[in-house]
Every structure is written in C-alpha cells, then in structure tokens.
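Remarks on the structure that follows.
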Amino acid sequence: MTMPIDTRMAPAAPIKGRSLWQDARARLFHNRAALVAMALLFVIICLAVIVPIVSPYQLDGVDFDAIGLSPSLAQGHPFGTDTLGRDLFLCTMFGARISLLIGWSPRSSASLSAWPTGLSRAMSVAVSTR
C-alpha cells in the first residue's frame, strides 16, 4: 500500500546567501584578538600623528635640565630622556610615524599603479570581445 504524496507544500522561504565580504566581516568581529590588534594599531597611528604636533618638546631640542631623566609622568617624560635631554616618547612617536610611512608607501604606490593597469586591461578585453 502506498501513501499519496501531498504536492501542496508551502513554498520554501528563499535562502539568503552571504557575500564574501559579509562572511569576512562576521569572522573578523568574532575574533577578539584581531579586534584588540586593530584597536591597538588605531591608537598607535593616532599617537604617531597627534603627539609630535601637540608635544611641548622639540625633536632636536636639547633640554639641559632634563638630561638622563628616568621615565616619569610627573616630570612630563613618560619614557624618560636620553643623554642629550631629548624626550624619548617624542622620538618614539616620530619613529612610529616614519615606520608607518615606510609601510604604507609601497602599498599605496602599488595600488595606484595596479588600479589603472587592471582597468585598462579589463576595458581592452571588453572591447576585443565585441
């Protein structure tokens, strides 16, 4: 004995897919270590940009009263000073600024040169296939 098949089933709800970007974003926001690293990188970038502008000390200025100070927030030198009286925190932030510039320059130049190259190649392929 066979059972009759009911063909009047309710239409299934369409399955909503996720794009690669949505999937990557979801994985990123579930990864706590990546979020902490992004926040730390953001703080370093902000400090590297802001500190040299608002610092009361000069990078090449010599402060004879502050030669060889140990690290102290009360004295205004969180990393201390070197043997010439220069603020080491300011030197570190200038170094971070240079490191960021060295790291981002090749990436930017590669993107700026690859984007027009890829665009012209895609357009030439599109024209040749007509």
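When LEU47, LEU40, LEU73 are checked against the criterion of being hydrophobic (A, V, I, L, M, F, W, C) and either farther than 15 Å from LEU100 by Cα or touching a Pro at 6+ places or on another chain (Cβ under 7 Å) (or both), a single residue qualifies: LEU73. Look at the stretch 13-27: where a residue is closer than 18 Å to MET38 by Cβ and a partner is at pLDDT 80 or above and surrounded by 10 or more Cβ atoms within 10 Å (Cβ to Cβ), sitting 6+ places away or on another chain with Cβ atoms under 8 Å, you get ALA26/ARG18.
Go through the stretch 14-63 and count every residue that is in contact with a Leu (Cβ under 9 Å, 6 or more places away or on another chain) and closer than 30 Å to ASP82 by Cα. Summing the residues that are in contact with a Leu (Cβ under 9 Å, 6 or more places away or on another chain) and closer than 30 Å to ASP82 by Cα in the stretch 14-63 gives 12. Residues in the stretch 53-97 that are in contact with a helix residue (DSSP H, G or I) (Cβ under 6 Å, 6 or more places away or on another chain), of a type in the set (Ser, Thr, Tyr) and either touching a residue at least 40 places away in the same chain (Cβ under 8 Å) or not in a loop (DSSP other than H, G, I, E, B) (or both): THR81 only.
Tell me, yes or no, whether the stretch 104-115 has at least one residue that is surrounded by 10 or more Cβ atoms within 10 Å (Cβ to Cβ) and under 30 Å from TYR57 (Cβ atoms). Checking the stretch 104-115: at least one residue is surrounded by 10 or more Cβ atoms within 10 Å (Cβ to Cβ) and under 30 Å from TYR57 (Cβ atoms). The residue that is surrounded by the most Cβ atoms within 10 Å (Cβ to Cβ), counting only those in the stretch 57-85 that are of a type in the set (Ser, Thr, Tyr) and under 20 Å from LEU47 (Cα atoms), is THR81.
The values are calculated or read from the model by the stated rules, or taken from the named source; none is laboratory data. As the structure is a prediction and not an experimental result, all values here were calculated from the model. Heads up, the Cβs are rebuilt from the backbone with ideal geometry, glycines too, and the neighbour counts pull from every protein chain shown.
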